[in-house]
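> Mind having a look at this structure? Questions to follow.
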Amino acid sequence: MFIGLLFLIAGCTGFGNRAIDQATLPTLKNKTLSLVIHESPDFLAITPGKKMLTIADIDAGYINGNRLVQKSGINDPAEKICQMLARVLGSNYGLLYHENSMLRSSSKDMKYLMPLANEKDYLLDVETIGWLVENNSFERSGYYLKYVVETRLIDVRKSKPIGHSTCEYDSTVAGKKLVSYAKLIENDAAYIKLTLDEAATFCVNKLKSELFSTAQ
């Protein structure tokens, strides 16, 4: 599946997954946490009949996808994922944060992220790397959803991540059947919204198990 391959390449961050050191977890208690998400990437939605083998098809797919996001009110799961992970850090490890103070960054570079920390001890950085609905290469009328997110817990004083993990969700791997394009977009893209919500829950469970390792 051509576009899926491009998606995974684009989603490669260059960082290996890294669990938070078990000795560090007890020291998080009563430390302060800032929550940061990023500008959402373009949403890719190729319309029926496109083979997704040309740059023009892909460009048209981004235009169609972004229009669908805006028209149907499709939310980037990054905000929900950030909130849910922050709750884990707060309830399990005692980090202090304000859920309504989530900030948005246009860059993952430390020199841009650190001012957003607002003198907090740690920064939870969650970024959607890519999201798309793709038609199966063997069944052009059947669509599935892919979503990739990256998460870092950053020590603000050191300007350095102490934990990093990524998650890829594929609706077919999760056991969902392929659906028609009409099914994807009906009722203000209700299927896409539901599947992205499932992707968020899946990724929170994966990310927290990797970030906190055997501590969960």
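Values quoted throughout were computed directly from the atomic coordinates according to the rules given, and no laboratory measurement underlies them. All values derive from a computational prediction rather than experimental measurement. Every residue, glycine among them, receives a Cβ derived from its backbone with ideal geometry; neighbour counts consider all protein chains shown.
> Given the pairs K111/K146; K176/K208; K71/K177; K80/K208, which are separated by over 21 angstrom at their Cα positions?
Cα-Cα > 21 Å for K111/K146; K176/K208; K71/K177; rest within.
> Oh, and also: Contour minus end-to-end for A56 and N205, with contour as 0.36 nm per residue of separation and end-to-end as the Cα-Cα distance?
The A56-N205 span can extend by a further 50.0 nm.
> Out of A199, V156, S213, whose Cα points farthest toward the positive end of the dipole of the range 144-216 (charges: +1 Lys, Arg; -1 Asp, Glu; placed on Cβ)?
V156
> Given charges of +1 on the Cβ of Lys and Arg and -1 on the Cβ of Asp and Glu, with all other atoms neutral, how large is the dipole of the range 126-216 about its Cα centre, in debye to the nearest 20?
The dipole of the range 126-216 has a size of about 280 debye.
> Something else about it: Using +1 on the beta carbon of Lys and Arg, -1 on that of Asp and Glu, and nothing else charged, what's the dipole of the range 44-129 about the Cα centre, debye to 20?
The calculation lands at about 320 debye.
> Can you compute the modelled spin-label distance between V88 and A190, with each label point 7 Å from Cα toward Cβ, in nm?
If labels sit at V88 and A190, their model points lie 3.1 nm apart.
> Further, regarding this structure: Which ³J(HN,Hα) values in Hz, rounded to whole numbers, follow from the phi angles of the range 67-84 under the Karplus curve 6.51 cos²θ - 1.76 cosθ + 1.60, where θ = phi - 60° and Gly and Pro get x?
Per residue, the Karplus-derived 3J(HN,Hα) values read 5, 5, 4, 5, 5, 9, x, 7, 9, 5, x, 4, 5, 5, 4, 4, 4, 5 Hz.
> So what is the diffusion coefficient of the chain in µm² per second by Stokes-Einstein at 37 °C and 0.692 mPa s, using a Kirkwood Rh over Cα pairs?
181 µm²/s
> So who's got an amide H within less than 5 Å of the one on I129, skipping anything under 5 residues away but keeping other chains? H placed 1.01 Å off N, in plane.
Here V148, V149, E150 satisfy the definition.
> I've got another one for you. For the charge dipole of the chain, defined by +1 on Lys and Arg C-beta atoms and -1 on Asp and Glu C-beta atoms about the Cα centroid, which residue among S91, T172, Y62 has the Cα displaced farthest towards the positive pole?
S91
> With +1 on the Cβ of every Lys and Arg and -1 on the Cβ of every Asp and Glu, and nothing else charged, how large is the dipole of the chain about its Cα centre, in debye rounded to the nearest 20?
Rounded to the nearest 20 debye, it is 260 debye.
> Relative to the present Cα-Cα distance, how much length would full extension add between S213 and K176 at 0.36 nm per residue of separation?
That pair, S213 and K176, stretches by 10.5 nm at full extension.
> Using a 10 angstrom cutoff on alpha carbons, build the Gaussian network for the chain and name the most mobile of A56, A200, A19.
In the Gaussian network model the winner is A56.
> Quick one: grab the alpha carbon gyration tensor of the range 66-176, order the square roots of its eigenvalues as a ≥ b ≥ c, and give me rounded if a/c is under 1.5, else prolate or oblate depending on whether a/b is larger than b/c.
Prolate shape, in that a/c is at least 1.5 and a/b is the bigger ratio.
> FRET efficiency for D42 and E119, Cβ-Cβ distance as r, R0 = 41 Å, nearest 0.05?
For D42 and E119, the calculated efficiency is 0.75.
> 7 Å from Cα along Cα→Cβ at both L103 and A23: what's the point-to-point distance in nm?
3.1 nm
> Using modelled amide H (1.01 Å from N, peptide plane; none on Pro or chain starts), what sits under 5 Å from the amide H of S105, excluding residues fewer than 5 places away?
For S105, the qualifying residues are I37, H38, E39.
> So what is the relative contact order of the chain, in percent, for Cα pairs below 8 Å that sit 6 or more residues apart?
Averaging sequence separation for qualifying contacts and normalising by length gives 27 percent for the chain.
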